[in-house]
Amino acid sequence: MRIPADPMADNTLSRTLLALFMAADRPLNKEALTALINGAADEEEYPSRVTRESVSAEIEKLQVLWDGQTGVGLWEVAGGFQLRTAPDLGPIIRRLWPEKRPRLSPAALESLAVIAYRQPCTRAEIEDVRGVDCGGIVRSLLERQLIRIVGKRDEPGRPLLYGTTAEFLTLFSLPDVTALPTLRALRQLNAEADAKTQVSPPSVEKDETESN
């Protein structure tokens, strides 16, 4: 019979989880973390086995400590958790990789947004919303693994259905597609952005001491 997890090993669990998050090149979910640690425990590379609940509790503690205020945060992304730099530091962080492929074009972002909000959807539905041919953009999004083919619509021609991927969630720091902002929220953000651009010229008042 295996000895249950040692409650005194909390600090070890915290250090182990943080190290795993630091070393991983992808988000790690609680199940994967529990399996990794228990596999190590079975090989006597870790003090004792852990439960999913203990891993979950320790992740919550780490998220309080690593909340982005120090420049790095532990966030829920694509169904797992990942250490990521704070969003506001993005511009300077990107300077580390000036050769990295360019950002998505406005047209690609529009098409990706249509797929994200209407998935699963066909290419014809994307083009119906955007009003232009989207064949090249859809191929590009597939190549960048931001979308995937999720099936075929049961109608004449059996058109392909597209949906977003885990890479999409990772890119936009989303835990899942339900975390996408609502269309109403997007409209509100657009309205606020438009309002900020409509700045009235400052009024010019004459100095009371100015002689006529």
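What to note about this one:
- For the residues I92, I149, I137, the requirement of being β-branched (V, I, T), exposed (fewer than 11 other Cβ atoms within 10 Å of the Cβ) and outside the structural domain of A19 (by TED's automatic domain parsing) singles out I92.
- Residue within segment 24-37 that is loosely packed, with under 11 Cβ neighbours inside 10 Å and modelled with pLDDT under 95 present: yes
- Selection count, segment 136-155, where residues are of a type in the set (G, A, S) and more than 20 Å from the chain's Cα centre (by Cα): 2
- Filtered by the rule that a residue be over 20 Å from T165 (Cβ atoms), of a type in the set (D, E, K, R) and more than 19 Å from the chain's Cα centre (by Cα), segment 91-126 gives R95, E99.
- For segment 41-71, the tally of residues that are free of Cβ contacts under 8 Å to residues at least 40 places away in the same chain, aliphatic (A, V, I, L, M) and either surrounded by 15 or more Cβ atoms within 10 Å (Cβ to Cβ) or within 25 Å of A116 (Cα to Cα) (or both) stands at 1.
- Residue within segment 157-179 that is surrounded by 12 or more Cβ atoms within 10 Å (Cβ to Cβ), more than 21 Å from the chain's Cα centre (by Cα), of a type outside the set (D, E) and more than 23 Å from G79 (Cβ to Cβ) present: yes
- Scanning segment 62-85 for residues that are assigned to a loop (DSSP other than H, G, I, E, B) and more than 19 Å from D176 (Cα to Cα) turns up W66, G68, Q69, T70, G71.
- For segment 114-127, taking the residues that are buried (at least 16 other Cβ atoms within 10 Å of the Cβ) and free of Cβ contacts under 8 Å to residues at least 12 places away in the same chain, the one that is farthest from G157 (Cα to Cα) is identified as E127.
- Listed by first and then second residue, the pairs linking a residue in segment 130-151 that is farther than 22 Å from F172 by Cα and without any contact (Cβ under 8 Å) to a residue 40 or more places away in the chain to a residue that is not in a helix (DSSP H, G or I) and not aliphatic (A, V, I, L, M), with Cβ atoms under 8 Å apart and 6 or more places separating them unless they lie on different chains, are G151/P120.
The values are calculated or read from the model by the stated rules, or taken from the named source; none is laboratory data. Note that this is a predicted model, so its numbers are computed, not measured. Cβ: placed from backbone, ideal geometry, glycine included. Neighbour counts: every protein chain shown.
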